[in-house]
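Working notes, structure below.
Laboratory data are not the source of any read-out in this text; all were calculated from the coordinates shown. This is a predicted model, so every value here is computed, not measured. Heads up, the Cβs are rebuilt from the backbone with ideal geometry, glycines too, and the neighbour counts pull from every protein chain shown.
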Amino acid sequence: MKYDYLIVGSGLYGATFAQQAHTAGKYVLVIDKRPHIAGNVYTERIEGINVHKYGAHIFHTNNKAVWDYVNHFATFNRFTNSPVANYKGELYSLPFKLFIY
Ligand SMILES: Cc1cc2nc3c(=O)[nH]c(=O)nc-3n(C[C@H](O)[C@H](O)[C@H](O)COP(=O)(O)OP(=O)(O)OC[C@H]3O[C@@H](n4cnc5c(N)ncnc54)[C@H](O)[C@@H]3O)c2cc1C
């Protein structure tokens, strides 16, 4: 079979390009050296929990077209990122606010 594109890497970039090219009627072959798709955003289901194998990922965009696009392929959890730092037993919200007196 002949392909229009050989895409090396099935992360967000490769997967998006492959999907868009396929939608445009192109034949694509996606290869990856890892034994799974999704690149760094890959999750493994462990005891019923999606565990981010390569580190936690949060999807954020203020672009409605991007948001509508990704929602074609996955259901997202609502999540508000509100990290805190523990310094000598006191909790501080991040990012730190600087006060000038
Ligand atoms: C710990 C961590 C946390 C992050 N958190 C966030 C976050 O919260 N929000 C956010 O927006 N972004 C986050 N990022 C960034 C995000 O992961 C990347 O921007 C995104 O995954 C990049 O996608 P990509 O397709 O370009 O690359 P990748 O996801 O790295 O995919 C590339 C793929 O190509 C494959 N590949 C590479 N070379 C070859 C080869 N020679 N032959 C075959 N296959 C190959 C790799 O195996 C991989 O699967 C985080 C990154 C890390 C590491």
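Here's a check for you: in the stretch 1-34, which residue that is in a helix (DSSP H, G or I) and of a type in the set (A, V, I, L, M) is farthest from the ligand (Cβ to nearest atom)? Step by step, filter the stretch 1-34, then rank; the result is ALA21.
Per the conditions (1) more than 30 Å from PHE96 (Cα to Cα); (2) of a type outside the set (Val, Ile, Thr); (3) in contact with a His (Cβ under 9 Å, 6 or more places away or on another chain), the sole criterion not satisfied by GLY39 is (3). Scanning the stretch 3-35 for residues that are closer than 28 Å to PRO83 by Cβ and exposed (fewer than 13 other Cβ atoms within 10 Å of the Cβ) yields a single hit, TYR13. The residue of the stretch 36-60 that is farthest from the chain's Cα centre (by Cα), among those that are hydroxyl-bearing (Ser, Thr, Tyr) and surrounded by 14 or more Cβ atoms within 10 Å (Cβ to Cβ), is THR43. Within the stretch 35-58, the residues that satisfy the criterion of being assigned to a loop (DSSP other than H, G, I, E, B), over 23 Å from VAL8 (Cα atoms) and either among the hydrophobic types (A, V, I, L, M, F, W, C) or within 8 Å of the ligand (Cβ to nearest atom) (or both) are ALA56, ILE58.
Just to be sure I understand, how many residues within the stretch 61-101 are surrounded by 10 or more Cβ atoms within 10 Å (Cβ to Cβ) and farther than 23 Å from ALA15 by Cα? Residues in the stretch 61-101 being surrounded by 10 or more Cβ atoms within 10 Å (Cβ to Cβ) and farther than 23 Å from ALA15 by Cα: 5 in total. Quick check on the stretch 74-83. Is at least one of its residues closer than 29 Å to PRO35 by Cβ, more than 16 Å from the ligand (Cβ to nearest atom) and assigned to a loop (DSSP other than H, G, I, E, B)? Yes, the stretch 74-83 contains at least one residue that is closer than 29 Å to PRO35 by Cβ, more than 16 Å from the ligand (Cβ to nearest atom) and assigned to a loop (DSSP other than H, G, I, E, B).
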